[in-house]
Amino acid sequence: MSGASLPTIEVPLTFIAPTTTKPRVLMSANHAEANRRNGDFRSVPVEIADARCLSEPPTLDGQGFALVNHPTGVADFYDSAAVEQVYYAEIAELLRRVTGAAEVHVFDHTLRVEDEAKRRIHGTRLPVTVAHNDYTERSALQRVRDVLAPEIAERLLAGRFAIVNVWRSFGATPERFPLAAADGRTIPEADYVTVDLVYPDRTGEVCYMAHSTGQRWFYFSRMQPNEAMLLKCFDSARDGRTRYTAHTGFANPHAPTDTPPRESIEVRTLLYFA
């Protein structure tokens with residue numbers, strides 16, 4: 001199907017207004033609680049198309065996101081040891097196969113859970129509800145140095161590397177609060193607004209997104225337990241391929257009222273291309 005005839009959902013997404021003062025997010029030490037942020041945030045009605053209906057599947061280098069079939073041997077994603085010992089290896093193998101990367105370094109993961117009781121029991125985070133990209137030019141380079149040994153980090157920084165998140169639902173269904181991603185080719189540079197993330201021991205950077213009329217947003221309907229979504233959050237290559245992928249969770253107005261709350265995991269990885 002062409003882009004004009006894709007099934008869509010119209011929902012309000014939250015964007016930041018461009019500003020001359022750098023916004024800040026104060027990161028909560030208690031993961032179950034919301035972070036505090038400043039800035040001028042605006043709710044904008046957006047048409048989100050079902051990417052399953054595209055005539056050609058989206059790709060990491062094209063749109064900046066992709067859907068992959070990915071069965072897992074992990075039965076309980078609240079078991080951190082199982083995630084780190086089993087799932088990390090599965091993700092590394094998946095990304096080597098899908099992207100052709102010479103090396104995949106899995107460096108952390110986050111669980112995001114709507115249900116407040118489960119969040120407090122497991123110390124998990126809320127789904128993010130502001131359109132954003134996880135890295136800036138500066139913070140992507142710093143992340144490499146933060147998580148890798150110096151000699152490995154400098155080798156990656158001397159060549160092409162990318163930061164890719166792997167997102168999946170591990171609950172009954174993600175339909176109540178799916179993940180939307182923008183086609184990176186439709187986001188002008190001016191829409192990326194650099195924001196400080198203030199932790200007790202350090203300050204990082206992400207990009208919050210301003211809205212513009214040419215943006216095209218997508219999601220994958222009815223994601224299954226054996227599916228995962230890939231998001232390219234940074235690519236050091238400057239050869240025309242998509243380098244960033246704006247994304248956000250959104251409340252699905254068409255989800256039945258008895259749809260269970262979302263439970264999802266995102267795994268963050270560094271890819272090196274020889």
Out of curiosity, is P261 modelled with pLDDT under 95 and either surrounded by fewer than 17 Cβ atoms within 10 Å (Cβ to Cβ) or in contact with an Asp or Glu (Cβ under 9 Å, 6 or more places away or on another chain) (or both)? no
Residue match in segment 130-152 (condition: more than 20 Å from V206 (Cβ to Cβ), open to solvent by 60 Å² or more (accessible area, probe 1.4 Å), out of contact with any helix residue (DSSP H, G or I) (no Cβ under 9 Å at 6 or more places or on another chain) and at pLDDT 95 or above): yes
Filter result (among the charged types (D, E, K, R), over 19 Å from D61 (Cβ atoms) and outside any strand (DSSP E or B)) within segment 179-217: D191, D201, R202
Reported set for segment 237-249 where residues are buried (at least 18 other Cβ atoms within 10 Å of the Cβ) and either in contact with a helix residue (DSSP H, G or I) (Cβ under 7 Å, 6 or more places away or on another chain) or within 19 Å of S139 (Cα to Cα) (or both) is T242, R243, Y244, T245, A246, H247
Going by the structure shown, is A237 in contact with a Lys or Arg (Cβ under 7 Å, 6 or more places away or on another chain), outside any loop (DSSP other than H, G, I, E, B) and within 29 Å of V147 (Cα to Cα)? no
Tell me, please, whether a residue that is open to solvent by less than 70 Å² (accessible area, probe 1.4 Å), touching a helix residue (DSSP H, G or I) at 6+ places or on another chain (Cβ under 7 Å) and farther than 18 Å from C233 by Cα can be found in segment 92-108. no
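The values are calculated or read from the model by the stated rules, or taken from the named source; none is laboratory data. This structure is a prediction, so every number in the text was calculated from the model and none was measured. Cβ coordinates were reconstructed from backbone atoms using ideal geometry, including for glycine residues, and neighbour counts include every protein chain displayed. The protein model used for the area step is the full one, side chains on, heavy atoms only, and it has no ligands, DNA or RNA in it. Shrake-Rupley method; radii C 1.70, N 1.55, O 1.52, S 1.80 Å.
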